[in-house]
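The values are calculated or read from the model by the stated rules, or taken from the named source; none is laboratory data. Everything quoted here is computed from the prediction, not taken from an experiment. Cβ: placed from backbone, ideal geometry, glycine included. Neighbour counts: every protein chain shown.
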Amino acid sequence: MRFAIFLPPQASSDNPVPVLYWLSGLTCTDENFMQKAAAFESAAKLGIAIVAPDTSPRGEGVPDDPEGAYDFGLGAGFYLNANQKPWKQHYQMYSYVVDELPALIEKHFPVSDVRSISGHSMGGHGALTIGLKNQDRYRSISAFSPITNPMECPWGIKALSNYLGENKASWKSMTPAACWQSMVLNCQFWLTKVTQMAS
């Protein structure tokens with residue numbers, strides 16, 4: 001799996017820095033946020049590393065949407081562990097983001113185990129689901145325009161039914177709206193709604 005990483009200048013083996021895991025949305029790669037967000041200056045000032053994984057597995061033998069649609073398959077892994085064929089062999093994005101990627105990053109780069117997770121759209125869905133289910137691993141959880149209830153939107157229904165099958169109980173386990181209704185939140189919670197954009 002590909003990922004992109006930004007390290008602030010103060011990061012060193014003697015000074016490991018906290019890390020923000022950024023999860024991008026549909027059709028993105030590990031490069032979109034890193035190239036377009038203009039986050040490096042702020043991250044450098046604050047001494048924060050940024051890690052952006054790809055949004056799905058890729059490469060030879062990795063299945064894609066048979067119809068070639070953008071909302072499923074390559075670029076649309078939905079940050080869950082697929083349990084249906086042919087997806088389950090490669091589409092294990094939840095385990096990758098929660099376990100494999102942080103272990104790799106913390107072993108090979110000067111970052112601490114102080115983590116935050118954030119994302120946009122499908123990545124916001126992933127950040128909320130992963131963060132809510134693993135509150136002990138993240139200092140903060142945030143999302144921008146997240147898919148909060150994929151059980152109620154065409155993209156989500158397509159992804160959940162193909163990756164997880166028809167058992168809707170398993171869908172709920174990967175739905176932020178259901179997660180925060182069914183668990184005790186060990187954190188402060190803020191919700192901001194943008195009602196007017198600056199011109």
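Quick notes
- Hey, GLU60 in a loop (DSSP other than H, G, I, E, B), of a type in the set (Asp, Glu), closer than 20 Å to PHE3 by Cβ and over 12 Å from the mean Cα position of the chain (by Cα) or not: yes
- Test: residue in region 34-43 that is in a loop (DSSP other than H, G, I, E, B), over 23 Å from LEU128 (Cα atoms) and of a type outside the set (A, V, I, L, M): no
- Candidate set: region 29-54, residues that are within 22 Å of TYR70 (Cα to Cα) and modelled with pLDDT of 95 or more; chosen: the one surrounded by the fewest Cβ atoms within 10 Å (Cβ to Cβ): ASP54
- VAL62 vs. criteria surrounded by 21 or more Cβ atoms within 10 Å (Cβ to Cβ), among the β-branched types (Val, Ile, Thr), modelled with pLDDT of 95 or more and more than 15 Å from GLY165 (Cα to Cα): no
- Qualifying residue in region 9-24 (condition: over 16 Å from the mean Cα position of the chain (by Cα) and of a type in the set (Asp, Glu)): yes
Yes/no per residue for (1) among the basic types (Lys, Arg); (2) buried (at least 21 other Cβ atoms within 10 Å of the Cβ):
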residue	(1), (2)
PRO66	no, no
LEU74	no, no
GLY77	no, yes
ASN83	no, no
PRO86	no, no
MET93	no, yes
LEU104	no, no
LYS107	yes, no
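- Annotation note: of GLY68, GLY75, the sole residue that is closer than 17 Å to PHE33 by Cβ, of a type outside the set (A, V, I, L, M) and out of contact with any Gly (no Cβ under 7 Å at 6 or more places or on another chain) is GLY75.
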